[in-house]
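Worksheet for the structure shown next.
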Amino acid sequence: MDYTRVKYFLALARTGSVTTAAEQLSITQPALSRQLRRFEEELGLELFERAAGVLRLNEAGKALIPVCQQLVADNNRATQEVSALQRGEMRTLQVAATPTTVSTILAPFIVDAREEIPLLTTLAVEHYEVYQALDTTADVVVTPIPVKEGLDSVPLGEATIRAWVNKEHPLAGQDSIDVEDLVTHRLAMSGRSSVSRGLFDAFVGRSHAVLGDVVECEDTVTLIALARAGRAIAISSALQAHDAVGLRICNEEEILGGVPLHAAWRSGHFAAAEIHAVVTRLQEFLGISPADGVRAS
């Protein structure tokens, strides 16, 4: 496929308008229309419904969008790789994850691994948008969302959900806290859309406990800050927290587990060996045994 026409096709798919797409691409509307027609001829497919001078994607056109997005993403990564080699620099890998995972797992991991791994950068995304990042600039994702078909993956174990208090808190000397006692305190936690909140709420329900005073905040750093300030007990899957103590949460029958994490990347990624080395080092950092191999979906 002609790469320029691929970009033109995606611009129209994104904007839904030949006029707007042409403006964004800095070409004339007739020129864009001609290139899109040639794109159809090149593929031997009709991609649009044409009516009264308006182009709309048909079902074939809609199905082609992820194929073209993948082509653009692969081209961008290859361009970055070549540019790095020309400069004699180490390959940079981008990891996409939720803000909580970035701040509580990936950032401490980067500090711990130092120069044992390629240079890592992070991209903070929402839970259910994480895999979309592989269609743009991300090389690998770390996510609690089940692995999508067509990706290679490695399990990273669980990020344990704990109740965090400051070191002066009366509970700080304990290893765990019963959930019925916990809910009598003011709790600071993420909103109901987060995976860790869902697991915690389910555990509270199984324990027949009832939440009381709850403060919601999506930023993990702020949650831990509230705990450190003695303003609330933070419920978080943070791996570690400076000047705070994490307590396991339990009831009479079980201990609350954690958020299952996976690292995933596109099968056949040209930097797959580097990605797997980073993921193996991340497993060690998280204190779990490296997987026997890569899981292909």
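Quick one: in the stretch 122-139, which of the residues that are under 8 Å from the mean Cα position of the chain (by Cα) and among the small types (Gly, Ala, Ser) is most open to solvent (accessible area, probe 1.4 Å)?
Looking at residues that are under 8 Å from the mean Cα position of the chain (by Cα) and among the small types (Gly, Ala, Ser), I get ALA124.
Quick one: is VAL18 open to solvent by less than 20 Å² (accessible area, probe 1.4 Å) and farther than 30 Å from GLY258 by Cα?
Taking the combined requirement at face value, the residue satisfies it.
Just checking, how many residues over the stretch 2-15 are closer than 16 Å to GLU49 by Cβ and crowded, with 18+ Cβ neighbours inside 10 Å?
Within the stretch 2-15, residues that are closer than 16 Å to GLU49 by Cβ and crowded, with 18+ Cβ neighbours inside 10 Å number 2.
How many residues does the stretch 113-130 hold that are assigned to a helix (DSSP H, G or I) and over 25 Å from GLU284 (Cβ atoms)?
Within the stretch 113-130, residues that are assigned to a helix (DSSP H, G or I) and over 25 Å from GLU284 (Cβ atoms) number 3.
Say whether the condition of being open to solvent by less than 30 Å² (accessible area, probe 1.4 Å), over 26 Å from VAL278 (Cβ atoms) and over 26 Å from the mean Cα position of the chain (by Cα) is met by at least one residue in the stretch 144-165.
yes
Kindly establish whether ALA271 is surrounded by 22 or more Cβ atoms within 10 Å (Cβ to Cβ) and among the small types (Gly, Ala, Ser).
no
Under 7 Å between Cβ atoms, which residue pairs at least 6 apart in sequence (or on different chains) link something in the stretch 228-241 that is closer than 19 Å to VAL183 by Cα and open to solvent by 10 Å² or more (accessible area, probe 1.4 Å) with a partner that is β-branched (Val, Ile, Thr) and modelled with pLDDT under 85?
Between residues of the stretch 228-241 that are closer than 19 Å to VAL183 by Cα and open to solvent by 10 Å² or more (accessible area, probe 1.4 Å) and residues that are β-branched (Val, Ile, Thr) and modelled with pLDDT under 85, the close pairs are SER237/THR100.
Across the stretch 21-58, which residue is modelled with the lowest pLDDT among those that are open to solvent by 60 Å² or more (accessible area, probe 1.4 Å) and of a type in the set (Asp, Glu)?
Here the answer is GLU49.
If you take the residues of the stretch 122-135 that are touching a helix residue (DSSP H, G or I) at 6+ places or on another chain (Cβ under 6 Å) and among the β-branched types (Val, Ile, Thr), which of them is farthest from ASP74 (Cα to Cα)?
Ranking the candidates gives VAL125 first.
The values are calculated or read from the model by the stated rules, or taken from the named source; none is laboratory data. Treat the numbers as computed from the prediction; the structure is a model and nothing was measured. Glycine also receives a Cβ, built like all others from the backbone with ideal geometry; neighbour counts cover every protein chain displayed. Only protein heavy atoms, including side chains, enter the accessible area calculation; ligands, DNA and RNA are left aside. Shrake-Rupley method; radii C 1.70, N 1.55, O 1.52, S 1.80 Å.
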